[in-house]
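Read the structure below first, then the notes.
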Amino acid sequence: MNDAAKKRNKLFSFRYLFYDFVKITAALPGLIAFRPKLLYENDRARKKIRGGALLIANHIGFADPVYLMLAVWYRRHHFICTADFFRSKARWLFQHFLCIPIERENFSMDSFREITSHLKDGDIVSMFPEGHVNEDTSGAVASFKSGMVLMAMRSGAPIVPIYIRKPAHRYNRVVMVIGEPVDITERYGPRPSFAQVEELAALLHDKETELKNLCT
């Protein structure tokens, strides 16, 4: 299937129409309820994200996917989530919200190929590399899993770090800081070593901490 046919399928398929309808109708209530405030690391981070990109963010709660959709409202998000959700009664909802299931303890090559395929096709894939909801009240970011680097490397897509500050109270605004895209190929070439992959995972973790500091 060529690129033009893929774009037509995405434009007219029920799955995408359902996603777009719910997103549009829920946008105003979401903006009123969360009143998100967006900050940017620099001018490069302000530019709209074009083409495939892997969005990564810290994980403060179950509303985080909604926050990311409000932060990058002009793109569809394919969220990586645990396969347990697809075995629940709400699996239909997760399927139609473009979620990509993965097994926590056994990340398969099929999942890896599906994610990289989306990135190569120019989609946004969003994930929380901490792997769990972080309940640290200080806002510190837990360690990242390096698999995200491999997915971005295989697809050639940049990684966009985003930090979400947990509101102290329900009536506080949600603050998010968007960082500039990190291009793995530009930094390490097309075939980074395992040590460089681990180095980049640590760098992205440190970047999240820098974005956290911008919130204050």
Check your understanding: Does PHE97 count as farther than 19 Å from VAL133 by Cα, of a type in the set (Phe, Trp, Tyr), in contact with a Pro (Cβ under 9 Å, 6 or more places away or on another chain) and buried (at least 16 other Cβ atoms within 10 Å of the Cβ)?
Key -> yes
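Only one of these is open to solvent by 40 Å² or more (accessible area, probe 1.4 Å) and under 18 Å from the mean Cα position of the chain (by Cα): ARG35, ARG46, ARG87, ARG91. Name it.
Just one listed residue meets the conditions, ARG46.
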Check your understanding: Do any residues in the stretch 155-179 that are more than 13 Å from GLY139 (Cβ to Cβ) and without any contact (Cβ under 8 Å) to a residue 60 or more places away in the chain have Cβ atoms under 7 Å from those of residues that are outside any strand (DSSP E or B) and of a type in the set (A, V, I, L, M), where the two are at least six apart or on different chains, and which pairs are they?
Key -> none
Review point. Is the stretch 74-88 home to any residue that is more than 24 Å from ALA33 (Cβ to Cβ) and part of a loop (DSSP other than H, G, I, E, B)?
Key: yes
Check your understanding: Which number in (1) at pLDDT below 85; (2) touching a Ser or Thr at 6+ places or on another chain (Cβ under 8 Å) marks the one condition that LEU119 misses?
Key -> (1)
Exercise for review: Could you name every one of the helices (runs of 4 or more DSSP H) located completely within the stretch 117-216 that has at least 2 residues being open to solvent by less than 20 Å² (accessible area, probe 1.4 Å)?
Suggested key: 147-155, 194-215
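The values are calculated or read from the model by the stated rules, or taken from the named source; none is laboratory data. Note that this is a predicted model, so its numbers are computed, not measured. Please note: Cβ atoms are built from the backbone with ideal geometry, for glycine as well, and neighbour counts cover all protein chains shown. The accessibility values were calculated without ligands, DNA or RNA, using every heavy atom of the protein model including side chains. Shrake-Rupley method; radii C 1.70, N 1.55, O 1.52, S 1.80 Å.
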